[in-house]
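Quick notes on the structure that follows.
The values are calculated or read from the model by the stated rules, or taken from the named source; none is laboratory data. Since we're looking at a predicted model, the values are computed, not measured. Cβ placement follows ideal geometry from the backbone for every residue including glycine, while neighbour counts extend to all protein chains displayed. Note: areas computed on protein heavy atoms with side chains; ligands, DNA, RNA excluded. Shrake-Rupley method; radii C 1.70, N 1.55, O 1.52, S 1.80 Å.
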Amino acid sequence: MSEVYVIGHKSPDTDTVCSAIVYAALKGYTPARPGELNEETAYVLDYFKVPAPVLLENAAGKKLVLVDHNEPAQVVNGGDQAEIIEVIDHHKMNFVCNKPIYVHVEPVGSTATVIAKQYMDKIKANPTWAGLLLAAILSDTVIFKSPTTTDEDKAIAAELAKVAGIADVQAFGIDIKKAKASIKGKPIADVIHVDFKDFDFGGKKVGIGQTELVDINEAYDRKDEIVNYLNELKANKGYAMVVFIATDIIKEGSELYFAGDPAMMEKAFGVKPEGPSFWLQGCMSRKKQVAPPLEKAFTS
């Protein structure tokens, strides 16, 4: 039997990587990643003394289990020439396959929640798996502040914390978030691409990146750099719109920087931009609060 790789989306984050590691271990597969780890994910793997998944930059000819994504634009390079045998996810579906496969998608805050719910009996015997999945849930739900958070996420996280021996879940979550919650001194391209996803909205290519900060002034100090880079991306990579979400996890809101038609942003968010960015109080989630209204604006 050929090797099966469990792999998440491009620009891997903590949920995509930790879910791949645990699901691969549960199924006897190989965990993989399509790109470099961000600081947060590296912190989590170091905390639990777990090696990084194998780097798989091109999956042509491989067998894949997709975790934490299903959009074709987010699949590892060569994914269109791979055999996809499973999808485990918590996002909206934009997936087509020419044969029946196993697909498990639930409307919860993280893919880790989906995996933990299904395999909790086995996970209870492995504190490391529990810790990785807990970290993934805390990351993707922004320590339960994101509107994507469900009661199931909180309940599952509480169970995982007991198994992993994490007494203070909030403090652990803050430590995770602090690991990459600064953009000082980082190249602006790295900042924007560390968590960046491509979408197809009505035949239009839209790119949306996001970073989480504990002080939004770090983004304000680099506004010109951010806007200039977004405009370069739009001009050179065929985007109809590029958006960068700078989320302040303390203030619980986001500054939305964009390159594209301001009227489209107004149509999506009901805010008339007076420049290349605007603040949205309460905006924490790309999946629930940014991508859907933009898709509606582009397709209506």
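Here are the numbers:
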quantity: With DNA, RNA and ligands ignored, accessible area of MET93 (1.4 Å probe; Å², nearest 10); calculated: 90
quantity: Whole-number percent relative contact order across the chain, with pairs defined as alpha carbons under 8 Å at least 6 apart; calculated: 13
quantity: Length-normalised contact order for the range 25-80 - Cα pairs under 8 Å, 6+ apart - percent; calculated: 35
quantity: Accessible surface of the chain, 1.4 Å probe, proportion on carbon and sulfur as whole %; calculated: 50
quantity: Label-point gap, in nm, between HIS104 and ALA125 - each point 7 angstrom along Cα→Cβ; calculated: 1.7
quantity: Helix 127-140 vs. the chain, principal-axis angle (Cα, 0 to 90°, nearest 10); calculated: 20
quantity: Å² of accessible area per residue within the range 26-65, as computed with a 1.4 Å probe and no ligands counted; calculated: 48
quantity: Heavy-atom accessible area order for TYR229, TYR102, TYR23, largest first, 1.4 Å probe; calculated: TYR102, TYR229, TYR23
quantity: Taking the convex hull of Cα positions in the range 234-300, its mean projected area over all directions (nm²); calculated: 4.6
quantity: With all protein chains modelled, accessible area of TYR239 [1.4 Å, Å²]; calculated: 20
quantity: Beta bridge orientation in the chain: antiparallel %, DSSP, nearest 5; calculated: 40
quantity: Gaussian network model of the chain, Cα within-10 Å springs - most flexible of LYS287, LYS177, LYS117; calculated: LYS117
quantity: Mean Cβ neighbour count within 10 Å, used as a protection proxy, ranking 120-129, 2-11 highest first; calculated: 2-11, 120-129
quantity: Cα gyration tensor of the chain - equivalent ellipsoid semi-axes, whole Å, descending; calculated: 30, 23, 17
quantity: The range 114-255: relative contact order in percent, alpha carbon pairs under 8 Å with at least 6 residues between; calculated: 19
quantity: In order through the range 11-22: 3J(HN,Hα) via Karplus (6.51 cos²θ - 1.76 cosθ + 1.60), integer Hz, x for Gly, Pro; calculated: 6, x, 10, 5, 5, 5, 6, 5, 5, 5, 4, 6
quantity: Crossing angle, helix 223-237 versus the chain [Cα axis fit, 0-90 degrees, rounded to tens]; calculated: 80
quantity: Amide hydrogen neighbours beyond the local backbone of LYS63, cut-off 5 Å, H modeled; calculated: TYR5, GLU83
quantity: Along each principal axis, Cα extent of the range 1-89, largest first, Å; calculated: 35, 27, 20
quantity: Å² of accessible area per residue within the range 217-268, as computed with a 1.4 Å probe and no ligands counted; calculated: 44
quantity: Probe 1.4 Å, all protein chains present, accessible-area order of ILE174, ILE249, largest first; calculated: ILE174, ILE249
quantity: Sum of -39500 (n - 2.57) over DSSP H runs of 4+, divided by residues of the chain (222 nm, nearest 500); calculated: -11500 deg cm²/dmol
